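A short write-up of the structure that comes next.
The values are calculated or read from the model by the stated rules, or taken from the named source; none is laboratory data. The model shown is predicted, which means the values in this text are computed figures rather than measured ones. Please note: Cβ atoms are built from the backbone with ideal geometry, for glycine as well, and neighbour counts cover all protein chains shown.
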Amino acid sequence: MDVVTIGETMVLFTPEDSPLMRYSHSYSRKFGGAETNVAIGLTRLGHSTGWISKVGNDEFGKAMVSFIRGEGVDTSQVKTDPHAPTGLYFKEVRSGEDVRVQYYRSGSAASKLTVNDLNEEYIAKAKYLHLTGITPALSDSCYEAILKAIAFAKKHKVTVIFDPNLRRKLWSEEKARSVLLEIAGLVDIILPGVDEGKFMFGESDPVKLGRLFLAQGADLVVLKVGSKGAYYFTRNSFQLVSGFPVKKVIDPVGAGDGFAAGLISGLLEGLTVELAVQRGNAVGAIATQIPGDFEGLPDREELERFIHAKDAEDISR
């Protein structure tokens, strides 16, 4: 297994006949979750992935697991909770710059995840364990499960990648800052955005933030700076890797997960950090071009075509 990830995926409803939910009479039903977005993005690029989670014993949960399995993600570690529902959320895409999300996930099956739901041998077989800051925010038991998963990974020398993915509505600022900093001190690679860095450290300068994250203990920090691209920081160097500009952003939700999938793909294939970050930038840019949390994530052919097209544009200038 190349990558194992842990977290909640929810049923996603999007208004169809009006961007505003108050006026819409019909909704499309899809699925979305940061961790499965990354897993699906990686499978499309040819890597093996597995997902650990819980869903409700309901039609939504059954449909979700079937769909994600159909995308090539191993769902053998997804458990069904007979007493809690599958989480829901609604997304209004008013424009590419104005996307509003409303969650209905309190008491969801995934929030009931515990350390007893983790299989140490399953995690031990992975090359990378991918985590986000969303899961520990769902409940105390989820927080404990994430710490246990990190302990399993460290025991078996599995590289841990952490995207803070701050969700302010899920917990208090004090607790969020404390837990995100705690986890940042336990992982090997961290993928924050500038806004998350400012939240965690009170600092917005990218270079200072990179050094602050390194001081927490990570070996590699990749700091996302929007359309400009991303910085990477190691113990010996740092560099800004330029992003891929797009003419029009259709749906930005999931772009950060696309970035993570592209970056991890590059690392799995032994690319230099610079080229792995470049791949992350490319996947993130492509993901913004199609509505949906993961629908725009490219396969290998689409990715290569996009990068080569951008290279050709640069040469012609």
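If the condition is being hydrophobic (A, V, I, L, M, F, W, C) and either part of a helix (DSSP H, G or I) or more than 19 Å from Ala145 (Cα to Cα) (or both), then the stretch 58-96 contributes Phe60, Ala63, Met64, Val65, Phe67, Ile68, Val73, Leu88, Phe90, Val93. Quick one: is Gly256 within 25 Å of Leu181 (Cβ to Cβ) and in contact (Cβ under 8 Å) with a residue 12 or more places away in the chain? Against the criterion (within 25 Å of Leu181 (Cβ to Cβ) and in contact (Cβ under 8 Å) with a residue 12 or more places away in the chain), Gly256 qualifies.
Between Ile123, Ile146, which is touching a Phe, Trp or Tyr at 6+ places or on another chain (Cβ under 7 Å), assigned to a helix (DSSP H, G or I) and among the β-branched types (Val, Ile, Thr)? Result of the check over Ile123, Ile146: Ile123. Screening Pro85 on (1) of a type outside the set (Lys, Arg); (2) in contact with an Asp or Glu (Cβ under 8 Å, 6 or more places away or on another chain); (3) buried (at least 22 other Cβ atoms within 10 Å of the Cβ) shows it passes everything except condition (3).
Scanning the stretch 122-170 for residues that are under 14 Å from Gly33 (Cβ atoms) and touching a strand residue (DSSP E or B) at 6+ places or on another chain (Cβ under 8 Å) yields His130, Leu131, Thr132, Gly133, Thr135, Asp163, Asn165.
For Gly46, the stated conditions hold: it is closer than 16 Å to Ser265 by Cβ and surrounded by fewer than 17 Cβ atoms within 10 Å (Cβ to Cβ). In this structure, Val55 does not qualify as surrounded by 15 or more Cβ atoms within 10 Å (Cβ to Cβ) and outside any strand (DSSP E or B). Residues that are surrounded by 11 or more Cβ atoms within 10 Å (Cβ to Cβ), outside any helix (DSSP H, G or I) and modelled with pLDDT under 80 within the stretch 289-317 comprise Gln289, Ile290, Pro291, Gly292, Asp293, Phe294, Glu295, Gly296, listed in sequence order.
Is at least one residue of the stretch 252-262 crowded, with 24+ Cβ neighbours inside 10 Å, part of a loop (DSSP other than H, G, I, E, B) and not aliphatic (A, V, I, L, M)? There is at least one residue in the stretch 252-262 that is crowded, with 24+ Cβ neighbours inside 10 Å, part of a loop (DSSP other than H, G, I, E, B) and not aliphatic (A, V, I, L, M).
Among the residues of the stretch 106-120, is any without any contact (Cβ under 8 Å) to a residue 24 or more places away in the chain and closer than 15 Å to Trp51 by Cα? No, the conditions are met nowhere in the stretch 106-120. Keeping to the stretch 1-41, report how many residues are assigned to a helix (DSSP H, G or I), farther than 22 Å from Phe152 by Cα and touching a helix residue (DSSP H, G or I) at 6+ places or on another chain (Cβ under 8 Å). Final tally of qualifying residues: 3.
Residue count for the stretch 126-140, restricted to those that are β-branched (Val, Ile, Thr) and either over 26 Å from Pro15 (Cβ atoms) or assigned to a strand (DSSP E or B) (or both): 2. Filter the stretch 58-71 down to residues that are more than 17 Å from Lys112 (Cβ to Cβ) and surrounded by fewer than 22 Cβ atoms within 10 Å (Cβ to Cβ) and give me whichever is farthest from the chain's Cα centre (by Cα). By that ranking, first place goes to Glu59. Within the stretch 103-120, the residues that satisfy the criterion of being in a helix (DSSP H, G or I) and under 18 Å from Ser76 (Cα atoms) are Ala110, Lys112, Val115, Asn116, Asp117, Glu120. Pairs are defined by a Cβ separation below 8 Å, a sequence spacing of at least 6 or placement on different chains, a first member in the stretch 214-227 that is surrounded by fewer than 13 Cβ atoms within 10 Å (Cβ to Cβ), and a second member that is not in a helix (DSSP H, G or I); the pairs so defined are Gly217/Gly185; Gly217/Leu186; Gly217/Val187.
Look at (1) charged (D, E, K, R); (2) free of Cβ contacts under 8 Å to residues at least 24 places away in the same chain; (3) buried (at least 23 other Cβ atoms within 10 Å of the Cβ) and you find that Arg22 fails only one, number (3). If you filter the stretch 226-262 down to residues that are among the β-branched types (Val, Ile, Thr) and modelled with pLDDT of 90 or more, you find that the one that is farthest from the chain's Cα centre (by Cα) is Thr234. Scanning the stretch 155-200 for residues that are under 18 Å from Arg211 (Cβ atoms), among the small types (Gly, Ala, Ser), over 15 Å from the mean Cα position of the chain (by Cα) and not in a helix (DSSP H, G or I) gives a single hit, Gly185.
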